[in-house]
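What follows is a single structure, written as structure tokens, with notes after it.
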Amino acid sequence: MDKTLQRLLDAEVNAERIAKDAEAEQERIIQGALLEARAEDARFESRIPEIHASFVDKAEERADQIISEMKRRYDERHTQLRNLAEKHEQEALDAAFELLMDPTQGT
């Protein structure tokens, strides 16, 4: 019976050692994961100015495109109005000349 008890005690000691080793390995893995997470966080933090600059550049590019498109539309509309004004200029001059010649016609 002494051998059985000794084997049980040895098994218990061995199980405790395995459990301690497992706890130590678990703690090592946790600490490693924490260090890795902190490193990733630091890398991200260091890239924030670069990311911000990229967003600003893209926003400025979009703003420039919108401004160009608005200017193009404005120029097209200005040209249309100028052409329309030139088209009706003679009619307006004729009507004004008639009013000057015969003021009673306007009423």
Point to revise | On Cα atoms only, tilt of 2-101 relative to the major axis of the chain in degrees | key: 0 degrees
Review point. How large is the dipole of the chain about the Cα centre if only Lys and Arg carry +1 and Asp and Glu carry -1, each at its Cβ, rounded to the nearest 20 debye?
Key: 340 debye
Study note, to complete from the structure: So the carbon and sulfur contribution to the accessible area of the chain, 1.4 Å probe, in percent, is 59 percent
Review point. Once all Cα-Cα distances of the chain are split into 5 Å bins that start at 0, what whole-number percent is in each one?
Key: 2, 9, 6, 6, 5, 6, 5, 5, 5, 4, 4, 4, 4, 4, 4, 3, 3, 3, 3, 3, 2, 2, 2, 2, 1, 1, 1, 0, 0
Point to revise | Mean residue ellipticity (222 nm) of the chain, computed from DSSP H runs ≥ 4 via -39,500 (n - 2.57), nearest 500 | key: -36000 deg cm²/dmol
Practice item. Over the range 18-80, average the accessible area per residue using a 1.4 Å probe and give it in Å², no decimals. Key: 92 Å²
Review point. Near Gln65, within a Cβ-to-Cβ distance under 14 Å, what is the net charge of the other residues, with Lys and Arg +1 and Asp and Glu -1?
Key: 0
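The values are calculated or read from the model by the stated rules, or taken from the named source; none is laboratory data. Being a predicted model, the structure only gives us computed values, none of them experimental. As a convention, Cβ positions derive from the backbone with ideal geometry for all residues, glycine included, and neighbour counts pool all protein chains shown. Note: accessible area is taken over every heavy atom of the protein model, side chains too, but ligands, DNA and RNA are not part of it. Shrake-Rupley method; radii C 1.70, N 1.55, O 1.52, S 1.80 Å.
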